[in-house]
Amino acid sequence: MMTVACVKLGIAHPIVQAPMQGAVGPKLAAAVSNAGALGMLAPWADEIDELRQQIRETQALTSKPFGVNLNPLFNQEEYLDACLQEGVSIISFFWQDPGALVTRAKAKDATVLYTAASAQSAQNAVCNGVDVIVAQGWEAGGHVRGTVATMPLVPAIVDAVSPVPVIAAGGIADGRGLAAALALGASAAWIGTRFLASEESGAHPNYVDLLLEATEESTFYSEDLYPIGWSDAPHRVLQNTTAADWQAAGRPPIGKRPREGEVVANSKVLGPVVRYQSDTPAWDMEGNIEAMALYAGQGVGLVKKRQPAGDIVREISKEAKQILKHLAQ
């Protein structure tokens with residue numbers, strides 16, 4: 001299933017593993033890349049030395065292409081320079097207009113992706129030199145930039161930026177979703193929640209258990225449920241006790257929330273994690289994982305089991321091929 005995005009990114013399957021900051025590391029990114037899709041790292045909140053180490057570990061695990069996601073909302077100039085110095089050839093930008101960072105990346109022959117939530121923002125990014133657009137629908141898990149669903153957003157962006165390849169994101173978790181994305185004009189699918197349940201995922205086991213128990217109705221979109229660490233950043237998460245208490249209290253702002261300031265977990269890396277903190281429940285945390293920010297997209301109901309990341313790639317690709325072949329008959 002070779003598409004324009006596959007050719008541009010140097011991959012065999014039109015699948016990109018979403019860069020889920022806090023839950024993705026070299027093992028997962030390399031496993032996805034080794035299976036012929038595109039693995040992504042998301043170390044933009046780590047120290048520079050840690051970013052470099054993650055890149056080097058991934059390079060030691062795979063000779064295939066992989067990318068690094070950066071968030072220009074946070075000062076990323078030094079991070080971009082480190083990525084390029086380490087030989088990263090695919091850079092993904094998310095949340096804020098990357099501006100001059102695109103020029104700096106392309107000056108080093110990097111392929112640049114940008115996550116857009118509207119046709120206009122996608123057009124602006126292409127005019128700025130971006131090579132591939134990721135169209136993120138409202139169904140997506142984690143931090144969500146826009147309010148338009150994947151189904152209407154993808155063709156709108158495809159029409160706006162053609163012939164620039166578009167990757168569909170939001171609510172895609174199996175081959176049916178990939179086939180639908182391709183039918184809408186996208187060249188690949190951007191998949192996050194399904195890879196959280198991979199064996200190589202850095203997500204906490206209790207978090208994964210909750211994902212596997214969830215249905216398509218289990219997620220919750222909020223503009224500010226978890227603002228500590230990243231404010232003014234709408235997000236989609238699983239319903240949990242933190243969300244229920246906050247909703248029952250009338251959704252009050254920070255400073256007036258139930259059990260605000262309560263330490264719910266501890267991390268070897270981050271230290272104490274308090275209620276309403278934006279950090280992802282990672283494998284090294286101990287405590288009340290259920291009370292944390294359990295990021296998940298509306299496709300979570302399709303995630304039924306833990307699997308090796310390579311098997312996820314192959315299963316999704318095979319299912320999409322079978323569907324497309326059947327539809328062509």
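The values are calculated or read from the model by the stated rules, or taken from the named source; none is laboratory data. Only a predicted model underlies this, so the values are computations on that prediction, with no experimental measurement involved. Glycine gets a Cβ as well: all are built from the backbone with ideal geometry, and neighbour counts include every protein chain shown.
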* Asked: Given the residues ALA320, ALA248, which is the only one that is within 29 Å of ALA30 (Cβ to Cβ), among the small types (Gly, Ala, Ser) and either surrounded by 15 or more Cβ atoms within 10 Å (Cβ to Cβ) or out of contact with any Phe, Trp or Tyr (no Cβ under 6 Å at 6 or more places or on another chain) (or both)?
  -> ALA320
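From the set of residues in the range 50-78 that are of a type outside the set (A, V, I, L, M) and within 19 Å of ALA125 (Cβ to Cβ), which is modelled with the lowest pLDDT? Outline the logic, then answer.
Pass one, the range 50-78, residues of a type outside the set (A, V, I, L, M): 50, 52-54, 56-59, 62-67, 69, 71-72, 74-78.
Those still in the list that are within 19 Å of ALA125 (Cβ to Cβ) too: 67, 69, 71-72, 74, 76-77.
On the way: GLY67: 98, ASN69: 97, ASN71: 93, PRO72: 90, PHE74: 86, GLN76: 89, GLU77: 93.
Looking at residues that are of a type outside the set (A, V, I, L, M) and within 19 Å of ALA125 (Cβ to Cβ), I get PHE74.
In the range 44-59, what residues are part of a loop (DSSP other than H, G, I, E, B), charged (D, E, K, R) and either touching a helix residue (DSSP H, G or I) at 6+ places or on another chain (Cβ under 8 Å) or not assigned by TED's automatic domain parsing to the domain that holds GLY141 (or both)?
Of the residues in the range 44-59, the ones part of a loop (DSSP other than H, G, I, E, B) are 44-47.
Restricting the remaining residues to those that are charged (D, E, K, R) gives 46-47.
Within the range 44-59, just ASP46 meets the criteria.
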* To do: Can you confirm whether the range 178-194 contains a residue that is surrounded by 24 or more Cβ atoms within 10 Å (Cβ to Cβ), more than 28 Å from ALA100 (Cα to Cα) and among the aliphatic types (A, V, I, L, M)?
  => yes
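Counting only residues that are of a type outside the set (Ser, Thr, Tyr), give me the strands (runs of 3 or more DSSP E) lying completely in the range 201-302 with at least 3 of them.
Numbers: elements: 219-222, 235-238, 263-267, 271-274, 285-287.
Ranges flagged: 235-238, 263-267, 271-274, 285-287.
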* To do: Could you check how many residues of the range 53-94 are of a type in the set (A, V, I, L, M, F, W, C) and surrounded by 21 or more Cβ atoms within 10 Å (Cβ to Cβ)?
  => 11
* Structure fact -> Of the residues in the range 18-43, those that are assigned to a loop (DSSP other than H, G, I, E, B) and within 18 Å of SER317 (Cβ to Cβ) number 4
* Have a look at ILE167, ILE133, ILE172, ILE157 and point out the one that is in a loop (DSSP other than H, G, I, E, B), in the same structural domain as ILE90 (by TED's automatic domain parsing), modelled with pLDDT of 95 or more and among the β-branched types (Val, Ile, Thr). => ILE172
